[in-house]
Amino acid sequence: MDVFWKRLGEPGQEVCTIDTQGGLGLTGMVTADFDGQPAAVAYRVAADAASGVTRTADVTMQWAGAVRTLSLRHDDDGRWWVNARHEPTLDNLEDVDLGVTPATNTLPIRRLGLAVGASGTTTAAWVRFPALTVTPLAQRYTRQAGDRYVYESLASGYRALLTVDADGVVQHYEGAWRRVLLAPAPRDPAIQPLSPRHFDEIAGSVDRWWGRPVADLLHRFMFRHFCDTSFVVHVDGRPVAFLLGFVSPAHPDEAYVHMLGVDPAHRGQQWGRRLYEAFFSLVHQRGVVRVRAVTSPINRASIAFHQAVGFTLEPGDRMVDGIPVHTGHDGPGVDRVAFVYHLD
Ligand SMILES: CC(C)(COP(=O)(O)OP(=O)(O)OC[C@H]1O[C@@H](n2cnc3c(N)ncnc32)[C@H](O)[C@@H]1OP(=O)(O)O)[C@@H](O)C(=O)NCCC(=O)NCCS
């Protein structure tokens, strides 16, 4: 499996091939920035199938006009060899922790096999960049939920929330990395990514599509900032359906669909369902486990459509004609029906 991460808040990205057959193999290429100078780091890590213990780690770093390498070997007697020299301070450590990548967090996450609510400590052979020094680093992992761990460095007190997928691969590392999709093209060729140039056409159509004024719910910034998670369908060069959604910056395991609309002349052809399916598939690959949306209680077509697609209705504070309603959800007098779709 190929995994792509982007660094949050500073330059850097990575592609890593993760092999879970017969032990864990991590082969990654990272671009980063150390002291304002660009760096490229290639690494390869291998861990035992049975024990999950790291056996080898090799790093090559190009930085500041030089190429440097690091080789770690962990032998059957628990000794660690750093560039072929025995390093007694690392003896009997089980994991390697390469500071440039979230890939190596998967080593203790898989090896410890914690139950939800449990904590485990480990001391890793910690490789710091760009110095390529290796020192022991005591750390604790606490599994808060099936897909969530709190990582703590016991020496510094540094803590971060990690969201992981079913293989223990980091989806989001608080303040540091976010996993992104390698190939964002949706499977359905008629469904294309939304782009800022579609704003005027779509904003000019939605009042007619909805049969009431809704254009003020659309803003140009949404087409600019949510375009990598939104879609449009064109027929004869004109947009006939669109979905505007995004992955929550605050809750990376959650996505939200702000608007989905189909031209009345093109309804009943599964465009609405296909747009949702394209969105589900895309955000699922980014670590999202649930998708939320709201609609107006008077929009019975939308409620029926969302239920047909597989959304469930969130309990509200009152029932109106058998539908749970959230009174004043979007301001005084602006009631909503809330939906959730569980991707797992
Ligand atoms: C709601 C809307 C998006 C549905 O789009 P669509 O492309 O016609 O829907 P689909 O063809 O994909 O239908 C998917 C399923 O929903 C059901 N459905 C769609 N519209 C429905 C309606 N008015 N009443 C009951 N069921 C409906 C379909 O029967 C279908 O179910 P099935 O696959 O089990 O047969 C479209 O009517 C629309 O754009 N309405 C105005 C905008 C709106 O309200 N958007 C939603 C809130 S943001």
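Miscellaneous remarks
- Any hit, segment 232-252, residues being among the hydroxyl-bearing types (Ser, Thr, Tyr), surrounded by 19 or more Cβ atoms within 10 Å (Cβ to Cβ), in contact with a Phe, Trp or Tyr (Cβ under 8 Å, 6 or more places away or on another chain) and within 23 Å of Ala338 (Cα to Cα): no
- Any hit, segment 178-194, residues being in contact with a Leu (Cβ under 8 Å, 6 or more places away or on another chain) and under 23 Å from Gly25 (Cα atoms): yes
- Taking each residue of segment 53-70 that is at positive phi and looking for partners that are part of a strand (DSSP E or B) and exposed (fewer than 15 other Cβ atoms within 10 Å of the Cβ) with beta-carbon atoms closer than 6 Å, six or more apart or interchain, yields Ala64/Gln37.
- Applying the condition of being out of contact with any helix residue (DSSP H, G or I) (no Cβ under 9 Å at 6 or more places or on another chain) and farther than 27 Å from Phe34 by Cα to segment 86-107 and asking which residue is surrounded by the fewest Cβ atoms within 10 Å (Cβ to Cβ) yields Pro88.
- The residues of segment 319-344 that are over 29 Å from the mean Cα position of the chain (by Cα) and part of a loop (DSSP other than H, G, I, E, B), listed by number, are Asp321, Gly322, Thr327, Gly328, Gly331, Pro332, Gly333, Val334, Asp335.
Taken together, the values in this text are just the output of simple stated rules run on the coordinates, not laboratory data. No experiment lies behind these values; they were computed from the predicted model shown. Because the Cβ atoms are built from the backbone with ideal geometry, glycine has one as well, and the counts that use them run over all protein chains shown.
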